[in-house]
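K.L.:
My questions will all concern the structure given below.
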Amino acid sequence: MNIEVREIKTRNGLKDFVKFQLNLYKGHPYFVPPLISEEVNNLDAERNPTLKDVTPFYFMAFRNGETVGRIAIMINHFEVETQKIKKIRFGHFDVIDDLEVSRALFAKVDEIARANGLEYMEGPMGASNLETAGMLTEGFDQLGTAIALYNYDYYPKHLEQLGFVKEKEWVEFRLIAPQTIDEKIYRFSEMVTERYGLKLIHFKSKKELQPYIKPLFDLIDESHEVLDTYVPISKEQKEFYAKKYTKILNPEYITFIKDRDDKLCAFAITLPTFAKALQKAKGRLFPFGWYHLIQSQKKNDTCEFILIGVHPSYQRKGVTSIIFREAYEIFKRNHIKYLETNPELIENQSVQALWADYQPTLHKRRKTFRRDVK
């Protein structure tokens, strides 16, 4: 049977592009659906300024009039032209269990890559470094999160059969929130606070949090600029992500630390998980999706580590002891029993060492895959 691959160029087409994934995973016990309206806005270059320096292409595959697959293809021009990395990115890859459909979709990636002088492809990943990356390769029987991708177990098998190999790998842990904390951690964190003149910042409202969003992204840039492949976050991206994430952040679960010069030097963002609430919402805020999301922030026994950052000049100085002392107080106050780390690069041993006292269980792995352009 012939497979037809069509490019999607309209907003209505993007809605169909997003809905295909929700239909493919309808009723799945571990898949966590995105909100349709938000996902469409993220893909729409007219609505998402982070795509300013990116050329995106969206394709859907059809057979006998039925949608059987989709893929997003992205050229990040800073990466290609400034960093001289001849890579084309792919993401939003979803497909029925038919290798020929996957083959037809990746033929489009090859076609666009060749037309733009690019040498290899990597994915799944987003248009920027702040987007979700990594295809699930272990943990298919574990509930997904709002941040990380979920996929069927045949996805990586398709890629391997098409000649892809592993590029990067992430691990995820499920943790048990501690019911007590060693007094030594309190004493050590107090010593570190006093030695470096550090100041804890707590927030009572999202309005109080707003002035710290730009410094937060500046700190992320400073922490990652040593990596050769890191793509800096543009001003437009910072503004877009600030607006996007401020809506969902719960100020009670955030800890910021400033140094004696009043500059942000460390932060930890955690959040009661939205996973089950998003499953109940089924991709829509209305009529009842908003209610499930609000309730998840009031009644929840599971929390996700969204992001932890420490300025390079304060790393290995004990600042994480302050972060974990504060996290313990937050979890205890809100009756949190379980924690999700979300993806961490497998070679990032220093971060993984932080979970030693949390009874860690490695329950998910994910990878990006690479293949030379044909």
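K.L.:
When you go through (1) in contact with a Gly (Cβ under 6 Å, 6 or more places away or on another chain); (2) of a type outside the set (Val, Ile, Thr); (3) buried (at least 20 other Cβ atoms within 10 Å of the Cβ); (4) not assigned by TED's automatic domain parsing to the domain that holds Leu24 one by one for Tyr150, which number turns out not to apply?
P.N.:
(4)
K.L.:
On the phi > 0 side of the Ramachandran plot and either in contact with a helix residue (DSSP H, G or I) (Cβ under 8 Å, 6 or more places away or on another chain) or not hydroxyl-bearing (Ser, Thr, Tyr) (or both): which single residue out of Lys276, Lys282 fits that description?
P.N.:
Lys282
K.L.:
On to the next question. Taking only the range 82-112 into account, find how many residues are touching a residue at least 40 places away in the same chain (Cβ under 8 Å) and not in a helix (DSSP H, G or I).
P.N.:
10
K.L.:
From the set of residues in the range 262-291 that are in contact with a His (Cβ under 9 Å, 6 or more places away or on another chain) and within 18 Å of Phe203 (Cα to Cα), which is surrounded by the fewest Cβ atoms within 10 Å (Cβ to Cβ)?
P.N.:
Selected residue: Lys263.
K.L.:
A further question follows. If you take the residues of the range 70-81 that are of a type outside the set (A, V, I, L, M, F, W, C) and free of Cβ contacts under 8 Å to residues at least 40 places away in the same chain, which of them is nearest to Gln21 (Cα to Cα)?
P.N.:
His77
K.L.:
Tally time: how many residues in the range 21-44 are outside any loop (DSSP other than H, G, I, E, B) and under 30 Å from Glu239 (Cβ atoms)?
P.N.:
10
K.L.:
Moving to a separate point now. Which pairs do you get when a residue that is in a strand (DSSP E or B) and surrounded by 19 or more Cβ atoms within 10 Å (Cβ to Cβ), found in the range 113-141, comes within reach of a residue that is among the acidic types (Asp, Glu) and modelled with pLDDT of 95 or more, reach meaning Cβ atoms under 7 angstrom, with the pair 6+ apart or on two chains?
P.N.:
Glu122/Glu167
K.L.:
Would you say Asp44 is more than 18 Å from the chain's Cα centre (by Cα), more than 26 Å from Tyr30 (Cα to Cα) and either modelled with pLDDT under 95 or surrounded by 20 or more Cβ atoms within 10 Å (Cβ to Cβ) (or both)?
P.N.:
yes
K.L.:
Let me confirm something: among Glu236, Glu194, which residue is of a type in the set (Asp, Glu), part of a helix (DSSP H, G or I) and exposed (fewer than 13 other Cβ atoms within 10 Å of the Cβ)?
P.N.:
The conditions single out Glu194.
K.L.:
Still on this structure: Can you tell me how many residues in the range 45-69 are more than 30 Å from Lys238 (Cβ to Cβ) and either touching a residue at least 40 places away in the same chain (Cβ under 8 Å) or in contact with a strand residue (DSSP E or B) (Cβ under 8 Å, 6 or more places away or on another chain) (or both)?
P.N.:
Applying the first criterion (more than 30 Å from Lys238 (Cβ to Cβ)) to the range 45-69 yields 60-69.
Add one more test, that the residue is either touching a residue at least 40 places away in the same chain (Cβ under 8 Å) or in contact with a strand residue (DSSP E or B) (Cβ under 8 Å, 6 or more places away or on another chain) (or both), and what stays is 60-64, 67-69.
Qualifying residue count for the region: 8.
K.L.:
If you check Phe369 against the conditions, is it more than 21 Å from the chain's Cα centre (by Cα) and surrounded by 17 or more Cβ atoms within 10 Å (Cβ to Cβ)? Walk me through it before giving the result.
P.N.:
Working: more than 21 Å from the chain's Cα centre (by Cα): no; surrounded by 17 or more Cβ atoms within 10 Å (Cβ to Cβ): yes.
Taking the combined requirement at face value, the residue does not satisfy it.
K.L.:
Identify all residues within the range 329-345 that are surrounded by 15 or more Cβ atoms within 10 Å (Cβ to Cβ) and modelled with pLDDT of 90 or more; write none if there are none.
P.N.:
Start the filter on the range 329-345 by keeping residues that are surrounded by 15 or more Cβ atoms within 10 Å (Cβ to Cβ), which leaves 330-331, 334, 336, 338-344.
Correct list: Ile330, Phe331, Asn334, Ile336, Tyr338, Leu339, Glu340, Thr341, Pro343.
K.L.:
Please work out if Pro215 is surrounded by 15 or more Cβ atoms within 10 Å (Cβ to Cβ) and not assigned by TED's automatic domain parsing to the domain that holds Tyr314.
P.N.:
When the stated conditions are applied, Pro215 does not pass them.
K.L.:
Does Ile294 count as in a helix (DSSP H, G or I) and surrounded by fewer than 20 Cβ atoms within 10 Å (Cβ to Cβ)?
P.N.:
yes
K.L.:
Say we look at the range 50-70 and pick out the residues that are surrounded by fewer than 17 Cβ atoms within 10 Å (Cβ to Cβ) and within 22 Å of the chain's Cα centre (by Cα); which of these is farthest from Phe286 (Cα to Cα)?
P.N.:
Here the answer is Thr55.
K.L.:
Among Lys9, Lys26, Lys15, Lys19, which is the only one that is more than 14 Å from Tyr150 (Cα to Cα), loosely packed, with under 15 Cβ neighbours inside 10 Å and out of contact with any Ser or Thr (no Cβ under 7 Å at 6 or more places or on another chain)?
P.N.:
On the way: Lys26 fails: more than 14 Å from Tyr150 (Cα to Cα); Lys15 fails: loosely packed, with under 15 Cβ neighbours inside 10 Å; Lys19 fails: loosely packed, with under 15 Cβ neighbours inside 10 Å.
That would be Lys9, the only listed residue that is more than 14 Å from Tyr150 (Cα to Cα), loosely packed, with under 15 Cβ neighbours inside 10 Å and out of contact with any Ser or Thr (no Cβ under 7 Å at 6 or more places or on another chain).
K.L.:
Got a sec? Which of Ala148, Ala104, Ala115 is modelled with pLDDT under 95 and of a type in the set (Gly, Ala, Ser)? Please lay out each step first, then the result.
P.N.:
On the way: Ala104 fails: modelled with pLDDT under 95; Ala115 fails: modelled with pLDDT under 95.
One residue alone meets the criteria, Ala148.
The values are calculated or read from the model by the stated rules, or taken from the named source; none is laboratory data. As the structure is a prediction and not an experimental result, all values here were calculated from the model. Reconstructed Cβ throughout: ideal geometry from the backbone, glycine too, with neighbour counts over all protein chains shown.
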